[in-house]
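Reading through the structure tokens given below for one structure.
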Amino acid sequence: LFAGTPLDGNAYTFTRDWYGALIVACITVGAAVLLIGRSRQPLAVLLIECILYAAASAIGMSNYLLFPLLFALFSCITRPPAWQMAAGLGSVWAVMTFSAFASRTSAGFALEYLGQLLTAFATIAVAVAIRSVRSWQHSRRHAFAEERRSQQLLRQRDRAVSRTRIAAELHDSVGTA
């Protein structure tokens, strides 16, 4: 199901036995299920995904946990405050550096590292764009709400001026009669 050829490295070795396949399946499904909490605690989920990714990298199976890591990174950029975003970016950079050192691919460190960073940068670019659009929409909604409030205050002021003028005219007409 997960690893079909000996080129898949340790995953191929692990999945030859039923219990190894079950362990690989549980780890990958667990990493995906963990993403459920990313809307409430994006940094915590990202840090856990980084730990899982580092552990998978140490045994040569980081490819199976890359997508959950990228989804957690995306959520950590689009939702939380800037300090959490910076902490998340730093942790992903650190775990990808570790993964590139730990991987024993024929491509070597530079290509492995470059590939991981380019994938992360693509995710970051999309997340930053979405964060900017959300911020712009929020600012626009806030401006419209302020405009409505301003118009409401102007109408209240106009009614108060009108009532004052009517009261003054009534006072003048009662005083001359």
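Is it the case that the stretch 3-22 has a residue that's touching a Ser or Thr at 6+ places or on another chain (Cβ under 9 Å), hydrophobic (A, V, I, L, M, F, W, C) and modelled with pLDDT under 80?
Yes, that holds for at least one residue.
If the requirement is being part of a loop (DSSP other than H, G, I, E, B) and open to solvent by 30 Å² or more (accessible area, probe 1.4 Å), which of these qualifies: GLY90, GLY60? Spell out the reasoning first.
On the way: GLY90 fails: part of a loop (DSSP other than H, G, I, E, B).
Testing whether each residue is part of a loop (DSSP other than H, G, I, E, B) and open to solvent by 30 Å² or more (accessible area, probe 1.4 Å) leaves just GLY60.
Before we move on, is ILE36 of a type in the set (Val, Ile, Thr) and modelled with pLDDT under 90?
On the way: of a type in the set (Val, Ile, Thr): yes; modelled with pLDDT under 90: no.
Considered against the rule, which asks whether it is of a type in the set (Val, Ile, Thr) and modelled with pLDDT under 90, ILE36 comes out as no.
Tell me whether the stretch 139-152 contains one or more residues that are within 21 Å of the chain's Cα centre (by Cα) and in a helix (DSSP H, G or I). Even if it seems obvious, please write down each step before you answer.
Filtering the stretch 139-152 down to residues within 21 Å of the chain's Cα centre (by Cα) leaves 139.
If we keep only those that are in a helix (DSSP H, G or I) as well, we get 139.
Yes, some residue in the stretch 139-152 is within 21 Å of the chain's Cα centre (by Cα) and in a helix (DSSP H, G or I).
How many residues are in contact (Cβ under 8 Å) with a residue 40 or more places away in the chain, of a type in the set (Gly, Ala, Ser) and within 21 Å of SER75 (Cα to Cα) when one looks only at the stretch 101-152?
Matching residues across the stretch 101-152 total 2.
Any residue at all in the stretch 160-176 that's among the polar types (S, T, N, Q) and open to solvent by 100 Å² or more (accessible area, probe 1.4 Å)? Explain how you work it out, then say what you get.
First, the residues of the stretch 160-176 that are among the polar types (S, T, N, Q): 162, 164, 173, 176.
Still in the running and open to solvent by 100 Å² or more (accessible area, probe 1.4 Å): 176.
Scanning the stretch 160-176, I find at least one residue that is among the polar types (S, T, N, Q) and open to solvent by 100 Å² or more (accessible area, probe 1.4 Å), so the answer is yes.
Hey, can you tell me all the residues within the stretch 111-130 that are open to solvent by less than 70 Å² (accessible area, probe 1.4 Å) and at pLDDT 90 or above? Before you say what the answer is, go through the steps one by one.
To start, the set of residues in the stretch 111-130 that are open to solvent by less than 70 Å² (accessible area, probe 1.4 Å) comprises 112-113, 115-117, 119-120, 122-125, 127-130.
THR119, ALA120, ALA122, THR123, ILE124, ALA125, ALA127, VAL128, ALA129, ILE130 - these are the residues of the stretch 111-130 that are open to solvent by less than 70 Å² (accessible area, probe 1.4 Å) and at pLDDT 90 or above.
The values are calculated or read from the model by the stated rules, or taken from the named source; none is laboratory data. This is a predicted model, so every value here is computed, not measured. Neighbour counts are summed over all protein chains in view; Cβ atoms, including those assigned to glycine, are modelled from backbone coordinates with ideal geometry. Accessible surface areas use protein heavy atoms only, side chains included; no ligands, DNA or RNA. Shrake-Rupley method; radii C 1.70, N 1.55, O 1.52, S 1.80 Å.
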